[in-house]
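Everything on this sheet refers to the single structure shown next.
Each reported figure results from applying straightforward, stated rules to the coordinates on display, with no laboratory input. Just so you know, these numbers come straight off a predicted model, no measurement behind them. With ideal geometry, Cβ positions are generated from the backbone for all residues, glycine too; neighbour counts draw on all protein chains shown.
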Amino acid sequence: MTDTNPISHNFVAKVVQEDLNAGKMAKVVTRFPPEPNGYLHVGHAKSICLNFGVAKQFGGDCHLRFDDTNPEKENQEYIDAIKSDVRWLGFEWAGEVRYASDYFDQLHEWALHLIREGKAYVCDLTPEQAREYRGTLTEPGKNSPYRDRSVEENLDLFARMRAGEFDEGSCALRAKIDMASPNMNLRDPFIYRIRKAHHHQTGDKWCIYPTYDFTHGQSDAIEGVTHSVCTLEFEDHRPLYEWFLANLPVPCVPVQYEFGRLNLDYTVTSKRKLKSLVDQQVVSGWDDPRMPTISGMRRRGFTPASVRTFCDMIGVTRSDGMVDIAMLEHALRTDLNKNAPRAMAVINPLKVVIENLPEDHLEMLTAEYHPEQDLGTREFPFTREILIDEGDFKEEYSKKFKKKFTPGKRIRLRHSYVIEATDYEKDDAGKVTLVKARLIEGTLGENPADGDNPKGVVHWVSASHSIEAELRLYERLFTHQTPDKTDGDFMEYVNTDSLSVVTARVEPALANAAAETNFQFEREGYYVADRFDHSAEKPVFNLTIGLREDKALAN
């Protein structure tokens, strides 16, 4: 595991420390149990950092266990992506990857145990009838007419379920608890349902599958998990979690703790809604850089350190809350400012001809990749014809634009010489198409000897030796601060202008940038070489984030 954030003092860590001090366990064991029915998102990153972080902090183990009890919605692509995301964040699980399906035989035996103890029965109510019998939050449920079947009959029916004799939805195995319980989860919850579906791990061995509630606690017990940390929506499930553990011969009794889930503004994190964005081709896939998935954030240019820092910043509490996305952006900018190498790219090029240089002038200049970090140096060509951003030239001087390039005024080329504008040309529409200039001798790294110093610095590239690159400019995917908490469809708030693609001219060295390498394009923003599409033949860079917070978007 790579080095992560400092030691946490959140309430989960305090509970673990108290349990260790009390001698309740010799070793801390946590787990991260995603369902492989989609890609992980930023909310999962918080859970990953918490579970793996607590285990590391106390010298324990964290298991990666896939909750694979719903084969119709799961596949290997999601499994591979989840494993990759965990490792990218800087964590490694203890032992082999685990699957709930590894325990299907044991879970089946425990279901038989409950039947033999008179604590489970096969129910023939249809799904619609079962919902009607369940009652409401203010009215108790009523017993199923099949609740008092004999142990022998239930064993026979469950065996026939297992053998595939019944159709899906025709019957199910339920725990016999209390249909009048104020906790809806204790009103004879389902334990097994018929699902005649091929499973990515067990093949066609099973046609009945355990529910999440029946699987989760028992899987924790089999693995010796000491602290089962879940998000707050599972708080009402904890009595059921504890009921199963108390009524089965499990090897140990884990304890469940809940923490507030991460809700980020301008974002949706529901897997179902994220899948809708993919299925309806609003985005190019789960790893689209606009998506809040870990894969999407990785492709956007987020770094593992910035995500871990963000999760540490927001803390771990016992209540849900909305987090300002500016906190995530702050963590990202801080990391990139400190560690991203610098480079030059011109997005809106305007040609400048330095007339007192020979036409074939070629001079290789050298600059550091970072002003404070030792990231090495790179060379770039300086030629008679260069490109600057068209916004850096103004036809007339004014105090408002005193740091711009204007006729008769001087500007310093970044990491290069001072030049002075002498003239310019315009097209029929009145747009400036070319600037003429002269180089001020002896100004490489020095101010002019005549004391007429430049007022500003501009980025630039060689017109003849720079290379063309595709820049993908991303903005927030949603225009509403809480797109999935409004009266309307969250799709109504999709920002249709969240992606634009432009062509830029960049330093030649950027062609050889490795995929996923972050850069600060000076005066433009932070960019990353695309994880999949970038190549020396066709450089592709994604806009990660601007250099400064956009106040208009923040409000």
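By the rule of a second cysteine Cβ within less than 4.7 angstrom, the chain holds isolated cysteines at CYS62, CYS123, CYS171, CYS207, CYS230, CYS252. Taken about its Cα centre, the chain carries a charge dipole of about 940 debye when Lys and Arg each add +1 at the Cβ and Asp and Glu each add -1 at the Cβ. In segment 343-462, the convex hull through the Cα atoms has an average projected area of 8.2 nm², a quarter of its surface area.
A straight chain from ARG87 to ARG116 at 0.36 nm per residue would run longer than the Cα-Cα distance by 6.1 nm. Were the residues from THR377 through LYS27 laid out at 0.36 nm apart, the gain over their Cα-Cα distance would be 121.2 nm. Straightening the chain between GLU165 and ASN453 buys 94.7 nm, computed as 0.36 nm per residue apart minus the Cα-Cα spacing.
Computed 3J(HN,Hα) for segment 467-479, one whole-Hz value per residue from the Karplus formula 6.51 cos²θ - 1.76 cosθ + 1.60 where θ = phi - 60°, is 10, 7, 9, 8, 10, 9, 9, 10, 10, 4, 6, 10, 8, glycine and proline marked x.
Measuring r between the beta carbons of ASP427 and GLU396 and using R0 = 22 Å, the FRET efficiency lands at 0.75. All Cα-Cα distances of the chain, cut into 10 Å bins from zero to the largest, leave 3, 15, 21, 20, 15, 10, 7, 5, 3, 1, 0 percent in each bin in turn. Annotation: amide H of ARG531 within the under-5 Å range of GLU516, sequence separation 5 or more or interchain, hydrogens built in the peptide plane.
Going 7 Å from the Cα of SER150 in the Cα-to-Cβ direction, what parts of segment 118-133 have a backbone nitrogen less than 18 Å from that spot? Of the residues in segment 118-133, 118-123 have backbone N under 18 Å from the label point off SER150.
Paramagnetic label reach from LYS485 (point 7 Å along Cα→Cβ; backbone nitrogen cut-off under 14 Å): within segment 304-347, residues 319-325. Summing charges over neighbours of ASN453, with a neighbour being any other residue whose Cβ is under 10 Å away from its Cβ, gives +1 when K and R count +1 and D and E count -1. Taking trypsin sites (Lys or Arg not before Pro) across segment 161-219, the ones in a DSSP loop with at most 12 further Cβ atoms lying within 10 angstrom of their Cβ are LYS205. For the peptides 413-419, 197-203, 56-62, the ranking by mean Cβ contacts within 10 Å, running from highest to lowest, is 413-419, 56-62, 197-203. Each peptide in 283-294, 313-324 gets a packing score, the mean of other Cβ atoms within 10 Å over its residues, and the list from highest to lowest is 283-294, 313-324.
Too long at a 20 Å Cα-Cα cut-off: which of LYS404/LYS436; LYS436/LYS538; LYS119/LYS205; LYS400/LYS455; LYS24/LYS119? Those over the limit are LYS436/LYS538; LYS119/LYS205; LYS24/LYS119. Site pair THR334 and ASP19 shows an inter-label distance of 3.0 nm when each label is modelled 7 Å from Cα along Cα→Cβ.
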